[in-house]
Amino acid sequence: MAFVLSLLMALVLVSYGPGGSLGCVLSQNHVLIGRKNLRLLGQMSRLSPHLCLQDRKDFAFPQEMVEGGQLQEAQAISVLHEMLQQSFNLFHTERSSAAWNTTLLEQLRTGLHQQLDDLDACLGQVMGEEDSALGRTGPTLALKRYFQGIHVYLKEKEYSDCAWETVRVEIMRSLSSSVSLQERLRMMDGDLSSP
């Protein structure tokens with residue numbers, strides 16, 4: 001959780017160039033889809049987390065990689081994209097299809113895919129060819145390892161219902177922070193319209 005909060009702060013701090021505006025502005029729809037994804041994850045719960053206390057695990061979100069606002073804008077967008085891509089991949093497996101309500105799962109997959117499409121456009125704006133290695137180094141690599149740990153955990157727990165519930169709660173925390181980040185970026189850009 002601390003990693004995600006650090007990521008939020010780092011992205012807010014580094015997303016502004018000398019002109020005071022973002023290189024990539026996420027649409028309000030992007031934020032709304034993120035909120036909907038969180039609601040869907042909440043609705044997907046099939047077990048009380050209290051029944052699965054024995055399966056709890058600290059997945060060690062790699063907070064040290066972004067502390068101190070060291071991410072450049074391209075890195076921050078890359079990390080956000082990686083978080084959504086890995087979440088999409090996690091919920092787009094045959095094993096996840098067996099674990100969840102298929103209607104809710106398909107809606108979640110669609111929402112994550114829409115957010116990824118938005119961020120793909122951002123990646124093109126903020127990353128040049130010289131930045132193509134960002135996905136293989138630093139925070140993005142740490143995030144890939146974090147999600148690999150989640151996959152290993154599920155396999156070790158033989159994809160049990162409690163293991164999936166533990167992972168669902170973990171992903172909700174990550175995506176909740178990413179939605180908060182997206183909202184802060186939009187508010188700082190002054191692109192929010194009055195309700």
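The values are calculated or read from the model by the stated rules, or taken from the named source; none is laboratory data. Keep in mind that what you see is a predicted model, and the values were worked out from it rather than measured. FYI the Cβ positions are ideal-geometry reconstructions off the backbone, even for glycines, and counts take in every protein chain you see. The area values use the complete protein model at the heavy-atom level, side chains included, leaving out ligands, DNA and RNA. Shrake-Rupley method; radii C 1.70, N 1.55, O 1.52, S 1.80 Å.
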When the stretch 142-168 is checked residue by residue, the ones that are open to solvent by 40 Å² or more (accessible area, probe 1.4 Å) and assigned to a helix (DSSP H, G or I) are K144, R145, Q148, H151, V152, K155, E156, D161
Going residue by residue through the stretch 176-185, is there one that turns out to be part of a helix (DSSP H, G or I) and at pLDDT 90 or above? no
When (1) modelled with pLDDT of 80 or more; (2) more than 30 Å from C52 (Cβ to Cβ); (3) surrounded by fewer than 19 Cβ atoms within 10 Å (Cβ to Cβ); (4) in contact with a helix residue (DSSP H, G or I) (Cβ under 8 Å, 6 or more places away or on another chain) are applied to L119, the one that fails is (3)
